[in-house]
Amino acid sequence: MSTGTRPALTRLVRNVPRIAVAAVAALALTACGGGTEKSGSKPSGEAGASAKGASFPVTVDHKYGSTTIDEEPKKVVTLGLSDQDAVLALGVKPVGAVDWFKEQPYGKWPWAKDKWGSKKPQVVGERDEYNIEKIAALKPDLVIAQYSGMKKEQYDTLSKFTKVVAQPKGHEDYQAPWQVMTRQVGKALGRAEETEKLIAGIDARFKAVRDKHPEWKGKTVTVGEPYEPGKFSAFSPNDPKVIFLTEMGFTTTQKYRDALGKENIADLSVERLDVMEADRTVWLGTPDTEKAMKADPLYKKTKVHQEKRDLFLPYDSPDIGAALSFNTVLSIPYAVDQVVPMLEAIK
């Protein structure tokens, strides 16, 4: 991920254009042979060996209804920003994925690099702007979009030629817990039993942290990102980065919750730094944004900064902020190893 001039990640997640899907629907159908009829083709191997205990059909409920998957998917495309991690953790290499950090969605992140190996997916879009033609050309038999802002018209177009499991129902876009999204992926792949073992392992990691640091229970935390001089973004209490910290025992302040409401991101000026006051304030960004924030006269006056209870985490080098942003069964162990010692250093 580039530094310095990179647009704020928060703004990239939210401010994305809606793709004109109708124009490519017919082409997509043609590329896939039309409809969702079984082609009878031999497995291409992308899904690897069948999972032990996998059984089909399965029906997965989601934001736009429910999808029944009749047999084990062989070609999977992930359209959620971090969905590939759960799929990889279950032994399946997606044939297509979207870009997020202005990086290829493979080969960079230390928690997933070995899982990809030499098999590279086709990049089929950036964030929520999907290239339907590229997706169709891959002839997937399953598309997964969990950590996603997929629109209904995108879902409808994709559903004309493949099975689609959209965002979890009952949650705002980008605000479903990682456990929920992982279970959705596991069910769609027919690997529910294996999924529960993965989730249990991560839950055990968080419990170990809570047991080691009972003093963190009930302490308040806020998470934000400076994105230009005098402005910053605050993340929802339901955002993966905040959830990561609350699973260690932290909680959020009422003022912080009120400022976010149902929004996943709130863009604020430094005059509203009172929203970020907490027992711990975590900032994500680059060395440049950290330097600028620490030099801001209003930030210098905040109590959390004066008492050295703030923590600045880089998005990359090391990839701590990225790991928190993904907050998946693959990235969480890496993030725990990186962040816990930094939190322990704050007295």
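Computed from the coordinates by the stated procedures, all read-outs in this text should not be read as laboratory data. Keep in mind that this is a model prediction, so the values were computed, not measured. Note: ideal-geometry Cβ built from the backbone for every residue, glycine included; neighbour counts use all protein chains shown.
Go through 122-132, 99-109, 299-309 and give me the packing order, highest mean Cβ count within 10 Å leading. Write down the numbers at each step before the final one.
Numbers: 122-132: 19.5, 99-109: 18.0, 299-309: 14.6.
Order by mean packing, descending: 122-132, 99-109, 299-309.
Nearest 0.05, what FRET efficiency do D288 and E344 give at R0 = 25 Å with Cβ-Cβ as r?
Details: r = 27 Å, r/R0 = 1.06.
With a Förster radius of 25 Å, E is 0.40.
Using the eigenvalues of the Cα gyration tensor, what equivalent ellipsoid semi-axes result for region 231-327 when each is taken as the square root of five times the eigenvalue, whole Å, largest first? Kindly include the intermediate steps, with their values, before the conclusion.
Numbers: eigenvalues 71, 61, 33 Å².
Sorted largest first and rounded, they come to 19, 17, 13 Å.
Give me the extension gain from K212 to E271: residue separation times 0.36 nm, minus the current Cα-Cα distance, reported in nm with one decimal. Could the numbers behind the result be given before it?
Numbers: separation 59, 0.36 × 59 = 21.24 nm, distance 3.67 nm.
The span from K212 to E271 would gain 17.6 nm if fully extended.
Taking K and R as +1 and D and E as -1, what net charge do the other residues with C-beta under 12 Å from the C-beta of T251 add up to? Provide the component values of the computation, followed by the final result.
Working: positive: K217, K219, R257, R280; negative: E247, D279.
The answer is +2.
Using θ = phi - 60° and the Karplus relation 6.51 cos²θ - 1.76 cosθ + 1.60, list the HN-Hα couplings for region 152-159 in order, rounded to whole Hz, with x at every Gly or Pro.
Taking θ as phi minus 60°, the curve returns 4, 5, 5, 4, 4, 5, 5, 5 Hz for region 152-159.
Arrange the following residues from fewest to most other Cβ atoms within 10 Å of their Cβ: T59, T157. Let's see the in-between values first.
Values: T59 10, T157 25.
With the sparsest Cβ surroundings first, the list reads T59, T157.
For the pair T246/E196, report the inter-label distance in nm, with labels modelled 7 Å from Cα in the Cβ direction.
So the two model labels end up 2.5 nm from each other.
Along the charge dipole of region 247-345, Cβ charges K/R +1 and D/E -1, which of L330, N264, V275 sits furthest on the positive end?
V275
Just want the ordering: D141, D279, from fewest to most Cβ atoms lying within 10 Å of their own Cβ.
Numbers: D141 26, D279 17.
Listed from fewest to most nearby Cβ atoms, that is D279, D141.
Treat each spin label as a single point 7 Å out from the Cα along the C-beta direction, and report the S118 to A137 distance in nm.
About 2.3 nm separates the two model spin labels.
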